[in-house]
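Working notes for the structure below.
The values are calculated or read from the model by the stated rules, or taken from the named source; none is laboratory data. Bear in mind the structure is a predicted one, so any value in this text is a computation, not a measurement. Note: ideal-geometry Cβ built from the backbone for every residue, glycine included; neighbour counts use all protein chains shown.
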Amino acid sequence: MRSSSKRSRQPSSVTIAEEAELVGVACELSPVQTGTLPLQYTVGLHAWFLDCCGPTNPELSQYLHDGQSEKLSTLSQFEGQMELQGRELKLSDRHTYRWYITG
């Protein structure tokens, strides 16, 4: 149950430049055959993303790779039906998997 008292709202300290953009991309993967991925497959997704950025903007790709203080992009884990097999994830050719990139 909510309290009827009102809290004072503090102004946000976040400032966003007028020219800033937020981009989100939804990716779908439909395996052509059933297979497995290592549990740390997101490391490979991150490397793939940086490789995609490299040809058009090598400086940005390098910055995203080396920058430790702030992360300008995110990559989600796969969404979809997966089965844990030992130290790997089994992906089925009967399912579609999604993951998201934002930046």
**Message:** Taking the criterion of being part of a helix (DSSP H, G or I) and either within 24 Å of Thr102 (Cβ to Cβ) or at pLDDT 75 or above (or both), would at least one residue in the range 14-36 satisfy it?
**Reply:** no
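Identify, please: which residue in the range 37-57 is β-branched (Val, Ile, Thr) and over 15 Å from Arg98 (Cα atoms) and is, among those, modelled with the highest pLDDT? Break it down into steps so the answer makes sense when it comes.
Of the residues in the range 37-57, the ones β-branched (Val, Ile, Thr) are 42-43, 56.
From what is left, the residues that are over 15 Å from Arg98 (Cα atoms) are 43, 56.
Working: Val43: 89, Thr56: 83.
So the residue we want is Val43.
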**Prompt:** Which one of the conditions (1) out of contact with any Lys or Arg (no Cβ under 6 Å at 6 or more places or on another chain); (2) within 15 Å of Arg98 (Cα to Cα) does Glu79 fail to meet, given that it meets all the rest?
**Reply:** (1)
**Prompt:** Looking at the range 32-44, which of its residues are of a type in the set (A, V, I, L, M, F, W, C) and in contact (Cβ under 8 Å) with a residue 40 or more places away in the chain?
**Reply:** Val32, Leu37, Leu39
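For (1) small (Gly, Ala, Ser); (2) in contact (Cβ under 8 Å) with a residue 24 or more places away in the chain, each residue gets a yes or a no:
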position: Ser30; (1), (2): yes, yes
position: His46; (1), (2): no, yes
position: Cys53; (1), (2): no, no
position: Ser61; (1), (2): yes, no
position: Asp66; (1), (2): no, no
position: Leu91; (1), (2): no, yes
position: Tyr97; (1), (2): no, yes
**Set Ser61, Ser4: member being of a type in the set (Gly, Ala, Ser), surrounded by 13 or more Cβ atoms within 10 Å (Cβ to Cβ), outside any strand (DSSP E or B) and modelled with pLDDT under 85** = Ser61
